[in-house]
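The values are calculated or read from the model by the stated rules, or taken from the named source; none is laboratory data. Note that the structure is predicted; figures quoted are calculated from it, not measured. Cβ sites come from the backbone with ideal geometry, for glycine too, and all protein chains shown count toward neighbours. Calculation scope for accessible area: heavy atoms of the full protein, side chains included, ligands and nucleic acids excluded. Shrake-Rupley method; radii C 1.70, N 1.55, O 1.52, S 1.80 Å.
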Amino acid sequence: MLEVRELRAGYGPVEILRGVDLDVEKGEVVALLGANGAGKTTLNRTLSGLLRPRAGSIRFAGEPIGGLAAEAVLARGLVHVPEGRRIFTNLTVRENLLLGAYRRGRARRRANLERVLGLFPRLAERLGQPAGTLSGGEQQMLAIGRGLMAEPSLLVLDEPSLGLAPMIVRQVLELAADLARQGLAILLVEQNVVQALAVARRAYVLEQGRIVAAGPASALLADDRLHRAYLGL
C-alpha cells in the first residue's frame, strides 16, 4: 500500500529525514515511534504532500506520489489526521464531518456520515453542537471521523493520544485496530510507546531522521535494550 525508500526531506538548509525506509500494507496498523524532534512530523508532511521530498521515493498503491500536491495525494486515498486535531471549532460537528468529504467521497457522503456516526455514537448525539464545545476525546473522534469521510485507503494518525485521558487513548487506539481489521491501512505516529505497540502489527523507531529499529511490534515491546536506548522506558 505505502512504500517509502531512502526518503530525504527538510526545511531550508536543514535536512530532517535522512534516508527513511518504511512500508505499510493493507489491513495493518504500523506504529512509527520516536521522541520530539525525531522527524515524525516532517515525515507526515512529506507523505501527505505538504512538503516536497529532496530525494528518495514514495509509492502509494503502486504509484509514485513523492512531490505531488496535498490535494492530489488526498485524491488517491492517503488521508492525514494531523496532530492537535485542527477541527473547525466554530462549525458544528456535522459541518466538520461533511468538510471531510469536500475533495474525496462526496458522492457517498450520506452513507459515509452514517458509518462514522455508527463508529462514534457520541458524535451522533452532538451533531448540531459547535465543535469547540466538545471534550478533547470527542474532538479527536471528530478529527478521525472527518478523515474517514474522505474514504481513505491509508490513514495517517499523527499523535492521536496527545492530551487525552488514558481511557480515551485506549478507545482511540482500539478503534484504529478495528479499522485495520476492516481492511484500512493505518500509520500510527505516536509517542505513547506501550499502547501503540499493543495495537500495531509492526513498528519503526525514528531517531534523528533515521529508522534505527524495525520489526514486529511484539518483538520491539519485549526488547529491553531498545527501550533503554531509544524510547526512554
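Per 0.36 nm of contour for each residue apart, how much would the distance between Val194 and Arg115 grow if the chain were fully extended, relative to their Cα-Cα spacing?
Numbers: separation 79, 0.36 × 79 = 28.44 nm, distance 2.94 nm.
Full-extension gain reported as 25.5 nm.
Over the chain, what is the relative contact order in percent, taking alpha-carbon pairs closer than 8 angstrom and at least six residues apart?
Numbers: 478 pairs, mean separation 65.0, N = 233.
It comes to 28 percent, rounded to a whole number.
In square nanometres, what is the average projected area of the Cα convex hull of the chain?
12.0
Rounded to the nearest 20 Debye, what is the dipole magnitude of the chain about its Cα centre when Lys and Arg each give +1 and Asp and Glu each give -1 at the C-beta?
560
With all protein chains present, how much of the accessible area of the chain (probe radius 1.4 Å) comes from carbon and sulfur, to the nearest whole percent?
Of the solvent-accessible surface of the chain, carbon and sulfur hold 49 percent.
Round to a whole angstrom and tell me the spacing of the C-alpha centers of the range 177-199 and the range 3-56.
First find each Cα centre; the distance between them is then 17 Å.
GluC sites (Glu not before Pro) within the range 1-100: which are DSSP loop residues with at most 14 other Cβ atoms inside 10 Å?
Glu25
Note the direction-averaged projected area, equal to a quarter of the hull surface, for the Cα convex hull of the range 9-58, in nm². Provide the component values of the computation, followed by the final result.
On the way: hull surface 15.5 nm².
Directional mean of the projected Cα hull area for the range 9-58 stands at 3.9 nm².
Rounded to the nearest 500 deg cm²/dmol, what is the calculated helix-only ellipticity per residue at 222 nm for the chain, with -39500 (n - 2.57) per DSSP H run of length n ≥ 4?
Dividing the helical sum by the residues of the chain leaves -9000 deg cm²/dmol.
Mind listing the phi-derived Karplus ³J(HN,Hα) values for the range 31-43, rounded to whole Hz, using 6.51, -1.76 and 1.60 with θ = phi - 60°, and x for any glycine or proline?
8, 10, 10, x, 6, 4, x, 6, x, 5, 5, 4, 4
What is the magnitude of the charge dipole of the range 1-110 about its Cα centre, with +1 placed on the Cβ of each Lys and Arg, -1 on the Cβ of each Asp and Glu, and no other charges, expressed in debye to the nearest 20? Could the numbers behind the result be given before it?
Numbers: 19 positive and 11 negative charges, 119 e Å.
Here the size comes out at about 580 debye.
Over the range 78-188, what is the relative contact order in percent, taking alpha-carbon pairs closer than 8 angstrom and at least six residues apart?
Computed value for the range 78-188: 39 percent relative contact order.
May I ask you to compute the full-extension gain from Ala165 to Ala61, defined as 0.36 nm times their residue separation minus their alpha-carbon distance, rounded to one decimal in nm? Could the numbers behind the result be given before it?
Details: separation 104, 0.36 × 104 = 37.44 nm, distance 3.52 nm.
My answer for the length gained is 33.9 nm.
Between Arg54 and Ala222, what is the label-point separation in nm under the 7 Å Cα-to-beta-carbon projection?
Result: 3.9 nm between the two label points.
Using Cα pairs closer than 8 Å and at least 6 residues apart in sequence, work out the relative contact order for the range 12-130, in percent. Before the final figure, lay out each step's value.
Values: 79 pairs, mean separation 20.4, N = 119.
Relative contact order comes out at 17 percent.
Taking a point 7 angstrom from the Cα of Glu3 along the C-beta vector, which residues in the range 184-213 have backbone N less than 18 Å away?
185-186
Search the structure for amide H atoms under 5 Å from the amide H of Ala203, placed 1.01 Å from N in the peptide plane, and list their residues when 5 or more places away or on another chain.
Ala31, Gly215, Ala217
Leaving out ligands and nucleic acids, and using a 1.4 Å probe, what accessible area per residue does the range 49-153 come to in Å²? Don't jump to the answer; show the numbers that get you there.
Working: 5260 Å² over 105 residues.
Per-residue value: 50 Å².
May I ask you to compute the full-extension gain from Val14 to Gln208, defined as 0.36 nm times their residue separation minus their alpha-carbon distance, rounded to one decimal in nm?
Separation in residues times 0.36 nm, less the Cα-Cα distance, equals 68.6 nm.
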